[in-house]
Structures are given as structure tokens and as C-alpha cells.
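A short write-up of the structure that comes next.
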Amino acid sequence: MTTSSDTIQLTTAQAIIRWLSNQFIEIDGTEMRLFGGGFGIFGHGNVTCLGEALNGVQDELPLYRGQNEQSMGFAAAGYAKQWLRQRFMFCTASAGPGTANLLTAAGLAHANRLPMLMLCGDTFLTRLPDPVLQQMEHFGDPTFGVNDAFKPVSRYWDRICHPAQVIQSLPNAIATMLDPADCGPAFIGLPQDVQGWTYDYPVTFFDKKVHRIRRQAPDSLEISDAIALLKTAKRPMIIAGGGVQYSQAVNELGSFAQAHHIPVVETIAGRANLLATHPLNIGPIGVTGSDSANAIAEQADVIVAIGTRLQDFTTGSWTAFDKKAKLISLNAGRHDAGKHMSLSVVGDAKLSLAALAQGLDYTAPAEWLSFAQAERKKWDSYVADNVAHGNRPNSYAQAIGVVNELCDPRDRVVAAAGGLPAEVTANWRTLDIGTVDVEFGFSCMGYEIAGAWGARIAQAEREPDKDTITFCGDGSYMMLNSDIYSSVLSRKKMIVLVLDNGGFAVINKLQNNTGNESFNNLLEDCPTIPDPFGVDFVAHARSMGATSEKVANPFELGEAFKRAKASDKTYVIVMDVDPYEGWTTQGHAWWEVGTPHITENARVRDAHVEWEASRSKQRRGV
């Protein structure tokens, strides 16, 4: 390394890591590093240069050793979500299959608008040693490789072809990840030779930088239009999405709703915007929602959507609302604010709610609010009965009820795929703000454990005495479980509930609901499995260093959960649940799925006709 008064000679990899270690952010008046560290699996494409650079900053940027590149990305997403996108992680993987394994995680981060920086090995820029180990040769375009596959699932993508390029690329990547509207994963490809090349970098490039997340004020005319429309409402409703939490606007949401007597429903990403006991919280909306929220949704005449993508599980594939209902969409992103010809208010949720409140002289009719609250009371009664356990088969809902009763209000709950996201969304009673992470943007099997590990790393930085609790089906466990081992190695305790229903039971349910026979979902229905048997999840979890036990029923689950809370390391509790009985049968809006328009199977044909009958309620883009 050579230096002058104005420049310092570094390799590309050294410059990247030095720059990242000098990025800070101010959160609640306290400066801290923007990156909580990173996740890494080394190979020949990143160990020699990037690994050398990371070795010198172990205190500033702690590197967590991954077991699987996909799970590293999931962990990074869980970390960023826990920090409300204010801090995040990088992931580094080797060239070829190591990097390719990150694709699914990038898709998850992109769908959920979560920041994650990927620093990935690439083929040699000079091409002198080509074709190299793990290189995918494209015969018609030698510049085209595996890393180009990340372009559709990255908000920012670059390949560093000269050491000087990082001077522009790194700030652009950070700006993207910190932008409330454009937030998502950033990918930087690092050719193996370029990583080690040197350049005389300006010393000032590495000066400490303190970032702040921009709050975009809404346009005054858009606010005026929204106020004018809202004043006409006889049956207004607020849909509160995940963007409310990212904007830290939960207090403004509650104050606005109370001041104007407007009932609030939550999206899946928006769960835990309001406490379950909040008088204006009418419940979760949509396909996996609540009868109460869906009842007011179908009657609302003006709908204020705040910080939501209006995904199909929120809108019931756009059948949940009256066709004549008007939409006002408050969103930091222009793309989301304009969906279905909404009256757009593009801006920060916190500032937009304040601006609306300042100019709005209006309260919703008392009978409308009374109707909404009466519906919520009926839903609460249903949930109380649904989670109760007794003389009936074990179910997801019962397990959720046990944990809900015994956990600390500040414990974090994680779910992602299969039947559990719906069951958690419908049955979980929020005890404190921002404590629920149901990953249903990409709904990735495997996020349950890996995402929970990342969430626990973040949680331990602020609330080390609380727990991260993840609900995981047997299918998701089998798909990606190795971060149980990671959590034990890194001493980041999780509580993992493995609820075993013998296969992919929720897809079996969908299969049956569309008239199809059970096939290839439950283990017992797989013709290529002559003698089905279950996995000993307890023994498997113990082999990775966790404490583990199996329980027979919800009562035993409660006692085991108390032991898990008292434990100082990752604790896995296994319980069998019935694949057919005990599903939450209420709270569902219509969901558009593709069904066969022609078939020789009468049951499938009848199911298609029945399914299509609800299409008449669907709004067609307006």
C-alpha cells in the first residue's frame, strides 16, 4: 500500500471494504455503522482478494459464515426488515454456483423492497484463462454470464471492469438501498482479476459519511385532491401496509384514524402496525385475512391505502372492494401509488398523514365505525375459539395461540411459506408494534429459519433479552434448515417451532379445493414413495447443536415453550399437526388461481365453474 497526501493505492477489493466500513447512519440521534456486517461463503472467486480485505475489518464489519448462499440472502433480508431498512448487510459469494444460489434471495429482497448488497465473484475481465472453473460460456456473447441473471431481481446492478469504477458504483448502490421508493437489493459483480488490481484512490473517498433516509414531502395539490375525495366518504377505510412501519408512521396512523374515526385494516406486511386491542384495528384484510376486515372492505366507498403494494392477497385479486369504490394511495413509490387508477399521493407516509390531518375537517359516520367494530368483535370470538385446544386434532392455529399467550410482547415472530403465513396473519394477536415478520411478498420456503437468524442478529443489537420465534412447516424445514447450526455457532438464539403435517399440506388443500386428487404433496400421496416415513426433526436439530424436543399436543407445547424461553441457545420444538383438520376456515377473500378450462374430470370441471363464479366481482384495472 502506498500513499500520498491526496491518494492511497489499494486493490479494488480493499477499496470496497474500506469504503463500506466508513458508511454510517443516524438512527434516533445515534450514529452507527450502516452495515451491521455481512454474510459470506468463500470460494476461489472471492477468498483471495475480497477475503483478504475483509480479514482486516473484523471488528468494523463482522462476517458471519454462511452454510448456503440462498440462506445468507434470506438472513440479510431478515436483518434489514428488523431494522426497518435503516441498516443492512452485504453478502459475498464466489463465482458461478455460489453466486447463482443467491438469486432466490435477491428475488425475495426485490419483492419485499428490502436492501441487501451482493458482492459476488465474476469471470476474468481479461479472458486470458477462459474458460475458467465454474464459468458459464455464452457462445454468442462472451460478456454474458451467470451474474447477468441478477439484473431482473436487483434494483441496482453493476460489474466492476476497472478499479476506479467503485468510486461511482458504491455510492449509487447505497443511494438505491436507502431510497424509500427504489429500495431493494444491489448487485456488484467483481471479476476475479479486477478484485486484485490496484488504483490510486482519492483519500477523501474514504471519509466518514453519515447517511439519512430521505423523507419526501407530498405534493400540496395531491394532498388537496385527497382531502376533497375523503370528505365525500360515507364508508371510508384505511389499508395500512408495511410502508407505514418503514416510515415509522405508526403513531401518525393511529392518531389520524382516531381523529377522523376511520377504521383500519392491515396487510400481511403491515401486521403489527396497530395493537390487536386498538379500537380502530378491524383486522387483516384479503385472501388470508379476517371476516371483519373483508366485510368493511366490500362496503367501503373511499379506501386510503398507505404504504402498500396492493398485492393480490390484500385485494382478493381485486374482488375484495366494491367496483365503485375510490382509491387514495399514499406511497413513497410512484409505481405503487398509481395502481388501479388511484388518486396518488406520492410521498413519505409520516409526512403525508400529517399533511392530510392538517387540512381534513371530517369524521366518518358513527354507524359505519360501529359496524366495523362489531365485525371485529365477532372475528375476535372466532379466533379465540380457533386457537383453543382440547379434544380435537392439533392445528397450526392452536400452536399459534399457545405461543401468543406465553411470549413476551416484544418477541419477534417470523413465518414465510406454506400454510403458516395465512394462519399467523389470521390468528396472531399483536402485542406490540413491529413485532411480526410474515414474508409473503415472495413467500419463500426456507426463509423461516434463515430469515429468523438474520432477524435475531439485528434484535440482539437492540433487544438482546427478547426472543425471535419462527413458525416452520416440515416442508420448509427440509428445504433449508442449516441456519439452526449457524445460530448455535454464532450464539444467536432462536426458538423454532417445527409443525409437521407430513408434506406440503396447504398445497394439497388447494389441490383438493380445485377438484384434483391428492398427488405428490403429502408423502403418503407420492406414488414414487413406496414406504413413507417422517424425519426425526428432534435428532436432526440436536445434531446441529440445538436443544430440541417433541411434544404431543398444545398443552405440552406450552410447557416446552417455557423451557425454550428459559434456554440460552437455539431451541427447536416439534409437534405433529393434522394435514386435513384445523385449518382456519373463515376470513378468506377470493384468490385468482389458474384452473383448467377444459378437462375430462368432472370434479375439476365443477371446481373451475365454482371458482370462476367470483370473477364477476373483479375490478379490471380501475
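The values are calculated or read from the model by the stated rules, or taken from the named source; none is laboratory data. Quantities reported herein were computed from a predicted structural model and do not represent experimental measurements. Quick reminder, even Gly has a Cβ in these numbers, built from the backbone with ideal geometry, and neighbours come from all protein chains shown. Surface areas here come from the heavy atoms of the whole protein model, side chains and all, with no ligands, DNA or RNA. Shrake-Rupley method; radii C 1.70, N 1.55, O 1.52, S 1.80 Å.
The table below gives the values:
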{"read-out": "Checking Leu114 against (1) farther than 30 Å from Ala272 by Cα; (2) in contact with a helix residue (DSSP H, G or I) (Cβ under 6 Å, 6 or more places away or on another chain); (3) crowded, with 23+ Cβ neighbours inside 10 Å, the condition it does not meet", "value": "(1)"}
{"read-out": "Filtered residues of region 99-110 (kept if closer than 16 Å to Ala450 by Cβ and assigned to a helix (DSSP H, G or I))", "value": "Leu103, Thr104, Ala105, Ala106, Gly107, Leu108, Ala109"}
{"read-out": "Qualifying helices (runs of 4 or more DSSP H) (wholly inside region 143-262; at least 3 residues being open to solvent by 40 Å² or more (accessible area, probe 1.4 Å))", "value": "166-178, 220-230, 250-260"}
{"read-out": "The lone exception for Thr48 - which of (1) open to solvent by less than 50 Å² (accessible area, probe 1.4 Å); (2) at pLDDT 95 or above it fails", "value": "(1)"}
{"read-out": "Any hit, region 73-86, residues being open to solvent by less than 10 Å² (accessible area, probe 1.4 Å) and in a loop (DSSP other than H, G, I, E, B)", "value": "yes"}
{"read-out": "Residue list for region 290-320, filter: on the phi > 0 side of the Ramachandran plot and either in a helix (DSSP H, G or I) or of a type in the set (S, T, N, Q) (or both)", "value": "Ser317"}
{"read-out": "Test result for Lys377, farther than 18 Å from Ala564 by Cα and open to solvent by 10 Å² or more (accessible area, probe 1.4 Å)", "value": "yes"}
{"read-out": "Every residue from region 381-415 that is buried (at least 18 other Cβ atoms within 10 Å of the Cβ), more than 27 Å from the chain's Cα centre (by Cα) and in a helix (DSSP H, G or I)", "value": "Tyr382"}
{"read-out": "From the options Asn147, Asn172, residue that is closer than 18 Å to Arg113 by Cα and among the polar types (S, T, N, Q)", "value": "Asn172"}
{"read-out": "Boolean, Ile469 is at pLDDT 95 or above and crowded, with 24+ Cβ neighbours inside 10 Å", "value": "yes"}
{"read-out": "When residues of region 539-558 are limited to those that are open to solvent by 70 Å² or more (accessible area, probe 1.4 Å) and among the charged types (D, E, K, R), the one nearest to Ile400 (Cα to Cα)", "value": "Glu556"}
{"read-out": "Boolean, Asn101 is open to solvent by 50 Å² or more (accessible area, probe 1.4 Å) and at pLDDT 95 or above", "value": "yes"}
